[in-house]
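Shown next, in structure tokens, is the structure this report addresses.
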Amino acid sequence: MIEILQADITTLPVDAIVNAANHSLLGGGGVDGAIHRAAGPELKQYNQTHGGCPTGEARLSPGFKLPAKYVISTVGPVWYGGERGEAALLDSAYRNSFILALQHDIKSIAFPAISTGVYAYPKEMAARTALAVMKEYESKFERIIAACHTREDVDIYESVLAKLS
């Protein structure tokens, strides 16, 4: 079952949280900065060993000071109007996060709304992609959480999920 929560993703007691990271994986603004602050400096130090991450791919790190055992950092696309393969790249970011989770026997996972902050991906379009991929993997996990930052985001996710069901 997919859960849609208005929540601080850094506080969720799940096996893994997904980080909407930048290419360096070394921290940034928004959810990325919040996850790095909550995990502690060890996350940045560990992520230096990854050597970055291309858009649409994902990398696994320990959760360090987070309640989550792991952080799966994925790089979503910057929105350029939909003409640069953004939809396929966002789909890959979610899909590759799930694949990595399955490879590490992760049973519960929480996602932010990847690419919808400073990367400016339209929220409803992003929610459709996120939830469609979540539904594909739903049977392989005990919990999948869409951790929304605002009530508006919750409303968007709930509306999109109702249409997909």
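The values are calculated or read from the model by the stated rules, or taken from the named source; none is laboratory data. No experiment lies behind these values; they were computed from the predicted model shown. Neighbour counts are summed over all protein chains in view; Cβ atoms, including those assigned to glycine, are modelled from backbone coordinates with ideal geometry.
Structure summary
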quantity	calculated
Filtered residues of region 42-60 (kept if out of contact with any His (no Cβ under 6 Å at 6 or more places or on another chain) and buried (at least 21 other Cβ atoms within 10 Å of the Cβ))	N47, A58
Looking only at region 1-22, and only at residues there that are more than 14 Å from the chain's Cα centre (by Cα) and in a loop (DSSP other than H, G, I, E, B), the one that is farthest from H104 (Cα to Cα)	M1
Test: residue in region 57-64 that is touching a Phe, Trp or Tyr at 6+ places or on another chain (Cβ under 6 Å) and either within 19 Å of L5 (Cβ to Cβ) or aromatic (F, W, Y) (or both)	yes
Exclusive hit being modelled with pLDDT of 95 or more, more than 17 Å from H149 (Cβ to Cβ) and either hydroxyl-bearing (S, T, Y) or not in a loop (DSSP other than H, G, I, E, B) (or both), set D32, D91	D91
Residue, surrounded by the most Cβ atoms within 10 Å (Cβ to Cβ), within region 61-100, restricted to residues that are of a type outside the set (F, W, Y) and at positive phi	G85
The one condition in (1) under 15 Å from V160 (Cβ atoms); (2) in contact with a strand residue (DSSP E or B) (Cβ under 7 Å, 6 or more places away or on another chain) that A110 fails to fulfil	(1)
